[in-house]
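Report on the following structure.
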Amino acid sequence: MKSVELPSAKRVPALGQGTWQMEEGGAGRREAIEALRLGIDLGMTVVDTAEMYGEGAVEEIVGEAIAGRRDQVFLVSKCYPRNASRKRMVEACARSLRRLGTDRIDLYLLHWPGSVPIEETLDTFMRLKDEGKILDYGISNFDARGIQRVWSAPGGGGIVTDQVLYNLSERGIEWDLLPWCRKRGLPLMAYTPLGQGALLRDPALARIGRRHGAMPAQVALAWLLSRDGVLAIPKAGRVAHVRENRRAADIVLDAQDLAELDAAFPSPDGPSPLAIL
Ligand SMILES: NC(=O)c1ccc[n+]([C@@H]2O[C@H](COP(=O)([O-])OP(=O)(O)OC[C@H]3O[C@@H](n4cnc5c(N)ncnc54)[C@H](OP(=O)(O)O)[C@@H]3O)[C@@H](O)[C@H]2O)c1
């Protein structure tokens, strides 16, 4: 599978697994755990979660899924902006570690920009890193101007990613944030890569999919995987979806496919506010 290099020189697979709303998935908790385990077995070892998801319930699901296979997984979690202060982040991180059943988080993110000074948040990230509780840190939902402010603060050059909404129908970051990150070797984590399912009814995806014997979801993921410096984290609470998503990493879109996708989902021709969920 294609991999992406983090600035800390670690390589991680470009296709991972999201977990938002996994506690309320129609297929149920047991299948969600099974789906995550299968994804890990198939090489989708980046598992993205957050203290916000189900107010801790999803971190517990992830903890169950990775029990006995912690070393195979690159674990990502996020703290609420309101918990991004020196005192509260240390406590939030400890709660996440307990729910995840581990002694370290591979990548800990600030979930979105908040009111705690970024200098304090970065300082706390560095302290948690020194203590070995997190191995890398980063941000989420920061636009091009926001990431530049972080970058210029003490410790800001240590971030290894910005996790943002990016999929075929939300390409705004290609104007500014994505080139800025590429120039600095910072990979972006693309969240909501399937548009939460909405993208999958698009006729262009169905048409291109037919040429590859693939489903629309697989085309949407293959497109993201064709982008340099991008890591996608689709959420699938169903085992069948996980299998399908993994196969997306084997699809190579050709020039005609990419041109048709550009026609159906044009790249931006100017700046736009960062899309968020
Ligand atoms: N940093 C942030 O602020 C932020 C915001 C949003 C999301 N995220 C992260 O990004 C992850 C992914 O985003 P998301 O959950 O918003 O949406 P998504 O991954 O775009 O879509 C998830 C939906 O697509 C369905 N699905 C998955 N694979 C499919 C397939 N092969 N065929 C058909 N349907 C399929 C899932 O169904 P089933 O579950 O039934 O399989 C689920 O309903 C999240 O889970 C979370 O980890 C981060």
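The values are calculated or read from the model by the stated rules, or taken from the named source; none is laboratory data. Quick caveat: nothing in here was measured; it's all calculated off a predicted structure. Cβ: placed from backbone, ideal geometry, glycine included. Neighbour counts: every protein chain shown.
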Any hit, segment 217-227, residues being surrounded by fewer than 21 Cβ atoms within 10 Å (Cβ to Cβ) and within 20 Å of L274 (Cβ to Cβ): yes
Among the numbered criteria (1) touching a Gly at 6+ places or on another chain (Cβ under 7 Å); (2) polar (S, T, N, Q); (3) surrounded by 20 or more Cβ atoms within 10 Å (Cβ to Cβ), which single criterion is violated by T121? (1)
Could you please let me know if R201 is under 30 Å from R30 (Cα atoms) and buried (at least 18 other Cβ atoms within 10 Å of the Cβ)? no
Return the pair list, or none, for Cβ contacts closer than 9 Å from residues in segment 264-277 that are over 14 Å from P179 (Cα atoms) and in contact (Cβ under 8 Å) with a residue 40 or more places away in the chain to residues that are within 15 Å of the ligand (Cβ to nearest atom) and of a type in the set (S, T, Y), at least 6 apart or on different chains. F265/S169; A275/Y166; A275/T192; L277/Y191; L277/T192
Could you tell me whether D269 is more than 16 Å from the ligand (Cβ to nearest atom), under 22 Å from the mean Cα position of the chain (by Cα) and part of a loop (DSSP other than H, G, I, E, B)? no
Being more than 25 Å from I251 (Cβ to Cβ), in contact (Cβ under 8 Å) with a residue 24 or more places away in the chain and in contact with a His (Cβ under 7 Å, 6 or more places away or on another chain) is the requirement here; does M89 meet it? no
Could you tell me how many of the residues in segment 166-179 are surrounded by fewer than 19 Cβ atoms within 10 Å (Cβ to Cβ) and among the hydrophobic types (A, V, I, L, M, F, W, C)? 1
Give the number of residues within segment 61-74 that are assigned to a loop (DSSP other than H, G, I, E, B) and either among the aliphatic types (A, V, I, L, M) or touching a Leu at 6+ places or on another chain (Cβ under 8 Å) (or both). 2
Out of segment 237-271, which residues are polar (S, T, N, Q) and under 28 Å from A144 (Cα atoms)? S267
Matching entry among G213, G197, G185 (being more than 14 Å from the chain's Cα centre (by Cα), on the phi > 0 side of the Ramachandran plot and modelled with pLDDT under 95): G197
Entirely in segment 1-60, the strands (runs of 3 or more DSSP E) that have 1 or more residues that are away from the ligand (no atom under 12 Å from the Cβ), more than 14 Å from the chain's Cα centre (by Cα) and without any contact (Cβ under 8 Å) to a residue 40 or more places away in the chain: 11-13
Condition set surrounded by 22 or more Cβ atoms within 10 Å (Cβ to Cβ) and within 16 Å of the ligand (Cβ to nearest atom), scope segment 93-105, selection nearest to D162 (Cα to Cα): answer is I105
